[in-house]
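K.L.:
Okay, handing you the structure first.
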Amino acid sequence: MNLTTARYLGVGHLLPDPRWEMAHHSHAFHELIVVQRGQIYVEIRDQIRTARASELLWYPAGVVHCEWVNSRAPAETIFMSWTWQELPAHWPLQLSDTLGRIGEMSRWLLADRDVHCPGQPLLHAILTEFNRLVTHPDDPLVTGLRTHIRQHLADSITLDHLAAKAGLSKFHLIRRYKALTGRTPLEDVRHIRLQTARDLLLTTALSLKEIAPRVGLGDEYRLCRLFRQYFQTTPGALRQRSSSDKMRG
């Protein structure tokens, strides 16, 4: 994959709107849609696809498509565009961002779009990760457990529980999971909880008192302590910066 001809154009943000839709159209550039929450539908190449949170939609240049949202769960998306002489024929139009890396990098792009932003390097990193997801799919053990974790974030999640879900002994699960992800299963649970808390801070008006139990972190004091350790900032500072960025936009 040759990234030297890929040229970053820009990034945008679609906020949830139950009436949003876009008629059939195409672009002279490539576009990647990163779904943050809700559901979005697209008709492309004679197929109707449904994309949800942590899923990606790729629209190649020149390909006609139309889009609309689920009115009961309207999508919030981040979208980016670029030109590229290369058109990877093996790339699917829809893909799951199983590790959340593209979602994270897209939020970096969006947060810094009005200031000095390393758009080109981030675009290359996003395209590299997309290609990795296509050519080296993540292990079903990891994706299955992460899906289960996200569905039960508010619950108590123990190593015994995860091992039983995976059908492995605790020690086998720890060894295999760390070899695949670089984290133990319970370290990954904490990672997912804090990333979800971060997303809720940036995309909702929920208070810390409401977010903490929703992501299984007990109370706002524990959330603040872990948030500072993990992100090197406080929840309040992160939300304030996000609000300032939106006001400038």
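K.L.:
Here is a list: Asn2, Asn70. Which entry is surrounded by fewer than 16 Cβ atoms within 10 Å (Cβ to Cβ) and not assigned by TED's automatic domain parsing to the domain that holds Asn131? Please lay out each step first, then the result.
P.N.:
Working: Asn70 fails: not assigned by TED's automatic domain parsing to the domain that holds Asn131.
Of Asn2, Asn70, the one residue that is surrounded by fewer than 16 Cβ atoms within 10 Å (Cβ to Cβ) and not assigned by TED's automatic domain parsing to the domain that holds Asn131 is Asn2.
K.L.:
Restricting to region 8-28, count the residues that are surrounded by 14 or more Cβ atoms within 10 Å (Cβ to Cβ), closer than 28 Å to Arg132 by Cβ and within 22 Å of the chain's Cα centre (by Cα).
P.N.:
Residues in region 8-28 being surrounded by 14 or more Cβ atoms within 10 Å (Cβ to Cβ), closer than 28 Å to Arg132 by Cβ and within 22 Å of the chain's Cα centre (by Cα): 6 in total.
K.L.:
Out of the residues in region 114-133 meeting the condition of being hydrophobic (A, V, I, L, M, F, W, C) and surrounded by 13 or more Cβ atoms within 10 Å (Cβ to Cβ), tell me which one is nearest to Thr181 (Cα to Cα).
P.N.:
Here the residue is Leu133.
K.L.:
Only one of Ala166, Ala212 is over 23 Å from Glu76 (Cα atoms) and surrounded by 18 or more Cβ atoms within 10 Å (Cβ to Cβ); which?
P.N.:
Just one listed residue meets the conditions, Ala166.
K.L.:
Can I ask one more? Of everything in region 58-74, what is farther than 18 Å from Leu122 by Cα and touching a Leu at 6+ places or on another chain (Cβ under 7 Å)? Give them in sequence order.
P.N.:
Once the filter is applied, which keeps residues that are farther than 18 Å from Leu122 by Cα and touching a Leu at 6+ places or on another chain (Cβ under 7 Å), region 58-74 yields only Pro60.
K.L.:
Hey, among Asp138, Asp114, Asp160, which residue is over 30 Å from Arg45 (Cα atoms) and in a loop (DSSP other than H, G, I, E, B)?
P.N.:
Every option except Asp114 fails the conditions.
K.L.:
Can you give me the number of residues within region 163-187 that are of a type outside the set (A, V, I, L, M, F, W, C) and part of a loop (DSSP other than H, G, I, E, B)? First the steps, then the outcome.
P.N.:
We begin by selecting, within region 163-187, every residue of a type outside the set (A, V, I, L, M, F, W, C); these are 165, 167, 169-170, 172, 175-178, 181-185, 187.
Of the ones still in play, those that are also part of a loop (DSSP other than H, G, I, E, B) are 167, 169, 182-184.
Qualifying residue count for the region: 5.
K.L.:
Can you name every residue in region 179-189 that is surrounded by 19 or more Cβ atoms within 10 Å (Cβ to Cβ), at pLDDT 90 or above and not aliphatic (A, V, I, L, M)?
P.N.:
Matches in region 179-189: Pro185, Asp188.
K.L.:
So which residues in region 15-70 are closer than 23 Å to Thr147 by Cβ, of a type in the set (Gly, Ala, Ser) and outside any loop (DSSP other than H, G, I, E, B)?
P.N.:
Ala51 - this is the single residue of region 15-70 that is closer than 23 Å to Thr147 by Cβ, of a type in the set (Gly, Ala, Ser) and outside any loop (DSSP other than H, G, I, E, B).
K.L.:
Related question: How many residues does region 85-105 hold that are modelled with pLDDT of 85 or more and either among the β-branched types (Val, Ile, Thr) or part of a helix (DSSP H, G or I) (or both)?
P.N.:
Looking only at that region, the number is 5.
K.L.:
Same structure again: Can you say whether Leu87 is touching a Pro at 6+ places or on another chain (Cβ under 8 Å) and assigned by TED's automatic domain parsing to the domain that holds Arg241, as far as the supplied structure shows?
P.N.:
Values: touching a Pro at 6+ places or on another chain (Cβ under 8 Å): yes; assigned by TED's automatic domain parsing to the domain that holds Arg241: no.
Criteria not met by Leu87.
K.L.:
From the list Leu159, Leu223, exactly one residue is buried (at least 19 other Cβ atoms within 10 Å of the Cβ) and over 25 Å from Leu14 (Cβ atoms). Which is it?
P.N.:
Leu223
The values are calculated or read from the model by the stated rules, or taken from the named source; none is laboratory data. All values derive from a computational prediction rather than experimental measurement. Because the Cβ atoms are built from the backbone with ideal geometry, glycine has one as well, and the counts that use them run over all protein chains shown.
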